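A.B. asks: After the structure tokens below, expect a handful of questions from me.
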Amino acid sequence: EHVANQIAAGEVIERPSSVVKELVENSLDAGSSRIAVTVEEGGLQLIRVTDNGSGIETDDCEVAFYRHATSKIGSGKDLFQIRTLGFRGEALPSIAAVAKVNCVTASSADGLGRKLVIEGGTVRSFQETAASRGTDMAVKELFYNTPARLKYMKTIQTELGHISDYLYRSAMAHPHVAFTLKHNGNVLLQTLGNGDLRQVVAAVYGTTVAKAMLPVKAEDADYTLGGYISRPDMTRSNRQGITIVMNGRTIRNYAVSNAILNAYHTLLPINRFPVVALHIGMDPELVDVNVHPAKLEVRFSKEQELVRLVEEQLRAVLRGEVL
Ligand code: ADP
Ligand code: MG
């Protein structure tokens, strides 16, 4: 079991940002409206994710750290209609296998919770504690017992870059959730969680960019589009400013990114790139999320239709036809 967890950890937990991603997805799945992320030394010293979500029931605390202990799949059929972000039950055991984890969680508002300490996959203690409803996961000394993995870690700035990139995109995917990110005591992101995507764009890219964003709104029989795209004069020299959100998940999809760039590159030189926060809504049955374990690159069953809709809409907005 220990070995299995360490092997799984090698696949799921590649670097500090993988831990942040898994913990934040759990907080989102738990219906949190506030998620605070605190990181030290690029996440190698500490990653702490605190939420105000459902919490974990006392009887489920230890179980949550066993392999495949997901509470999120009722039947095999559900695999094809995944609405929550996590569904494999691998993240917590993988993280606990390669770090020192303190989990404080409470599933009711009566002030009583549980504290579970796990180090390298071994439960050190499990006891009652005072806690408000929600979950507080502190992951310390990541890869302390897997020195070979630790050696592959890049500089603190690089690891932090992966973490902030993930959180910026998460915040843009979930404007109704108030996110904070702190690194070594400095606040790097703070969103209000009031549902205003433009405010999130301002928190990530600054107010000048946010003011120059144009709204997108469109739908056809299968897809809805929303979000913001930058005016053609507010561009960047790299394509990192493109965020695609599908049913609340940030995704990568080559065809959709290409459609976005095509729309811009009829107006812009090909070495300039937009800032885009595009929300796509669709029937979950038309998506194949399980293409890659990291669940980022997804496929759609009516991809050409989506590509056409995205390209046409963005062109129209950029030409000022839909303002
Ligand atoms: P998965 O998310 O794939 O179900 P995880 O290993 O990430 O698997 O989590 C295991 C279980 O622990 C989840 O199914 C959920 O029931 C519980 N859990 C983990 N984190 C939280 C959280 N922040 N709030 C509430 N429940 C949580
Ligand atoms: Mg999960």
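A.B. asks: Quick test of your reading of the structure: Asn238 fulfils all but one of (1) of a type in the set (S, T, N, Q); (2) modelled with pLDDT of 90 or more; (3) more than 25 Å from Asp196 (Cβ to Cβ). Name the failing condition by number.
C.D. replies: All conditions are met except number (2).
A.B. asks: So, one more: Cβ-Cβ below 8 Å, separation at least six or inter-chain, first residue in the range 9-34 and over 12 Å from Ser170 (Cα atoms), second within 12 Å of ligand 2 (Cβ to nearest atom) and among the basic types (Lys, Arg): which pairs?
C.D. replies: If the second residue must be within 12 Å of ligand 2 (Cβ to nearest atom) and among the basic types (Lys, Arg), the pairs left are Asp29/Lys72.
A.B. asks: Scan (1) out of contact with any helix residue (DSSP H, G or I) (no Cβ under 7 Å at 6 or more places or on another chain); (2) at pLDDT 95 or above; (3) within 14 Å of ligand 2 (Cβ to nearest atom) for the single condition Asp29 breaks and write down its number.
C.D. replies: With respect to (1) out of contact with any helix residue (DSSP H, G or I) (no Cβ under 7 Å at 6 or more places or on another chain); (2) at pLDDT 95 or above; (3) within 14 Å of ligand 2 (Cβ to nearest atom), Asp29 is out only on (2).
A.B. asks: From the list Leu268, Leu225, Leu296, which one is at pLDDT below 90, surrounded by 14 or more Cβ atoms within 10 Å (Cβ to Cβ), farther than 30 Å from Lys182 by Cα and not aromatic (Phe, Trp, Tyr)? Explain how you work it out, then say what you get.
C.D. replies: Working: Leu225 fails: at pLDDT below 90; Leu296 fails: farther than 30 Å from Lys182 by Cα.
Of Leu268, Leu225, Leu296, the one residue that is at pLDDT below 90, surrounded by 14 or more Cβ atoms within 10 Å (Cβ to Cβ), farther than 30 Å from Lys182 by Cα and not aromatic (Phe, Trp, Tyr) is Leu268.
A.B. asks: Among (1) in a loop (DSSP other than H, G, I, E, B); (2) modelled with pLDDT under 95, where does Phe143 come up short?
C.D. replies: (2)
A.B. asks: Shifting gears a bit: Please verify whether the range 71-83 includes one or more residues that are at pLDDT 95 or above and in contact with a Phe, Trp or Tyr (Cβ under 7 Å, 6 or more places away or on another chain). Walk me through how you get there before you give the answer.
C.D. replies: Residues of the range 71-83 at pLDDT 95 or above: none.
Checked the range 71-83: no residue is at pLDDT 95 or above and in contact with a Phe, Trp or Tyr (Cβ under 7 Å, 6 or more places away or on another chain).
A.B. asks: Would you mind listing the strands (runs of 3 or more DSSP E) fully within the range 210-323 where at least 1 residues are under 30 Å from Arg15 (Cβ atoms) and within 25 Å of the chain's Cα centre (by Cα)?
C.D. replies: Values: elements: 213-215, 223-230, 242-246, 249-251, 276-282.
Strands (runs of 3 or more DSSP E) meeting the threshold: 223-230, 242-246, 249-251, 276-282.
A.B. asks: Tally up the residues in the range 88-108 that are of a type outside the set (Asp, Glu), outside any helix (DSSP H, G or I) and within 15 Å of ligand 2 (Cβ to nearest atom), please. It would help to see each step written out before you state the result.
C.D. replies: Here is the first cut: in the range 88-108, the ones of a type outside the set (Asp, Glu) are 88-89, 91-108.
Now narrow it down to the ones that are outside any helix (DSSP H, G or I): 88-89, 98-108.
Subsequent filtering for residues that are within 15 Å of ligand 2 (Cβ to nearest atom) retains 88-89, 101, 103, 105.
So the count comes out to 5.
A.B. asks: Still on this structure, I have one more. Look at the range 37-54 and say how many of its residues are part of a strand (DSSP E or B), surrounded by fewer than 24 Cβ atoms within 10 Å (Cβ to Cβ) and more than 13 Å from the chain's Cα centre (by Cα). Give the steps one after another, and end with the answer.
C.D. replies: Within the range 37-54, the subset part of a strand (DSSP E or B) is 37-40, 46-51.
Narrowing the set further to residues that are surrounded by fewer than 24 Cβ atoms within 10 Å (Cβ to Cβ) leaves 38, 40, 46, 48-50.
Cutting the leftovers down to more than 13 Å from the chain's Cα centre (by Cα) gives us 38, 40, 46, 48, 50.
Residues in the range 37-54 being part of a strand (DSSP E or B), surrounded by fewer than 24 Cβ atoms within 10 Å (Cβ to Cβ) and more than 13 Å from the chain's Cα centre (by Cα): 5 in total.
A.B. asks: List pairs: first residue in the range 120-138 and at negative phi, second residue assigned to a strand (DSSP E or B) and among the small types (Gly, Ala, Ser) anywhere in the structure, Cβ distance under 6 angstrom, at least six positions apart or on different chains.
C.D. replies: Qualifying pairs under 6 Å: Thr129/Gly113; Ala131/Ala106; Ala131/Gly113; Arg133/Ala106.
The values are calculated or read from the model by the stated rules, or taken from the named source; none is laboratory data. These figures come from a predicted structure and were not determined experimentally. Note that we place each Cβ from the backbone using ideal geometry, even for glycine, and neighbour counts take in every protein chain shown.
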